[in-house]
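These notes are about the structure you will find just below.
The values are calculated or read from the model by the stated rules, or taken from the named source; none is laboratory data. No experiment lies behind these values; they were computed from the predicted model shown. For neighbour counting, all protein chains shown are included, and Cβ atoms are generated from backbone atoms with ideal geometry for every residue, glycine included.
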Ligand code: ADP
Ligand code: ADP
C-alpha cells in the first residue's frame, strides 16, 4: 500500500480562506513527488497538515497506516520536515545539531546512524565545524541532516531552493536525488516547472487549494510539449 494516503483533504483557516479543497493523493514508498504551484496555492498548508502541525478541516492523512491526527506520534516519527525558514543554532557544531534533533524525538543516541546521514550529505568532514563557519550550501544540507536525524522514512522539503542561486539549486537537486538512492520517500514543493522536472518522479500541480493533476514526469513533459 502507499506510504502516504491523503483523502478528500480540506483546510479553511479562521480567516475564511479555503487553502485546500478536496485533495486526494497516494504517495508510494521511495518516490520523489513535487508539488508545483504558484504562491498561495496551498503547498505549505498541505505539508503542514501532512506533518501534523496543522489540523485539517476535513478529510484525512494516513502515514504508513497511522492517522496523522489521531495517531500523531507514530505518524510524525516517520516524517522529517525541512521548513522554508532556516532555523539553526549557529554556534553549535554540525554533530551536536543532529544529535540534539534526534533527542527531540526521544530516540536513543545513535552516532553510527548519524554518521551515515552526514556522509550521505557530504558533511562528515565538517562534523566538528560550527554552523556559522559553513557555506550556504552546507547550511542547507545541515537542515536536511537535522530533519533526517531521527531516522524518518519520509522527507518533506518546503521550497528547498527558494532564494538560492543557480549553482546552489543544482547542488540541492543532486542532494535530493542522492537521498532517493538511500530509499527515502521525498515530497517537495516548488514553483519552478524546471525544478519539478529535474528532481521528481511525479509532479502534482496545485492551484487555489485544488490538486489539478498528478502525472509521471515523462507524461507531464509530453503534455506540455504538445501544447507549446
Ligand atoms: P503556498 O505554500 O502554496 O504559497 P499556503 O499554503 O502558504 O500556500 O497558503 C494558501 C492560502 O492560505 C493563501 O491564501 C494563504 O494566504 C492562506 N494561509 C496560509 N496560512 C494561513 C494562516 N495561518 N491563516 C490564514 N490564512 C493562511
Ligand atoms: P535555553 O532555553 O536555556 O536557551 P535550549 O533549550 O534552547 O536552552 O538549549 C539547551 C541546550 O541545547 C543548549 O546547550 C543549546 O546550545 C542546545 N541547543 C538548542 N537548540 C539546539 C539546536 N537546534 N541544535 C543543537 N543544539 C541546540
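So here's what we get for this one:
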{"item": "Search result, residues across the range 77-109 that are away from ligand 2 (no atom under 16 Å from the Cβ) and not in a helix (DSSP H, G or I)", "result": "78, 79, 84, 108"}
{"item": "In the range 1-44, residue nearest to the chain's Cα centre (by Cα) [restricted to those that are part of a strand (DSSP E or B) and more than 16 Å from ligand 1 (Cβ to nearest atom)]", "result": "32"}
{"item": "Cross-chain or 6+ apart pairs with Cβ under 6 Å, the range 104-127 first and at pLDDT 95 or above, then outside any helix (DSSP H, G or I) and surrounded by fewer than 19 Cβ atoms within 10 Å (Cβ to Cβ)", "result": "118/127"}
{"item": "Subset of the range 68-103 [closer than 30 Å to residue 9 by Cα and free of Cβ contacts under 8 Å to residues at least 40 places away in the same chain]", "result": "68, 69, 70, 71, 72, 73, 74, 75, 76, 85"}
{"item": "Given (1) surrounded by 15 or more Cβ atoms within 10 Å (Cβ to Cβ); (2) more than 12 Å from the chain's Cα centre (by Cα); (3) closer than 30 Å to residue 209 by Cβ, index of the condition residue 122 fails", "result": "(3)"}
{"item": "Matching residues in the range 36-76 - criterion: being touching a helix residue (DSSP H, G or I) at 6+ places or on another chain (Cβ under 6 Å) and either under 28 Å from residue 104 (Cα atoms) or within 16 Å of ligand 2 (Cβ to nearest atom) (or both)", "result": "52, 54, 56, 61, 63, 66, 68"}
{"item": "Test for residue 189: is it within 16 Å of ligand 1 (Cβ to nearest atom) and out of contact with any strand residue (DSSP E or B) (no Cβ under 6 Å at 6 or more places or on another chain)", "result": "no"}
{"item": "Candidate set from the range 77-93 (those that are surrounded by 15 or more Cβ atoms within 10 Å (Cβ to Cβ) and touching a strand residue (DSSP E or B) at 6+ places or on another chain (Cβ under 8 Å)); member that is nearest to residue 115 (Cα to Cα)", "result": "93"}
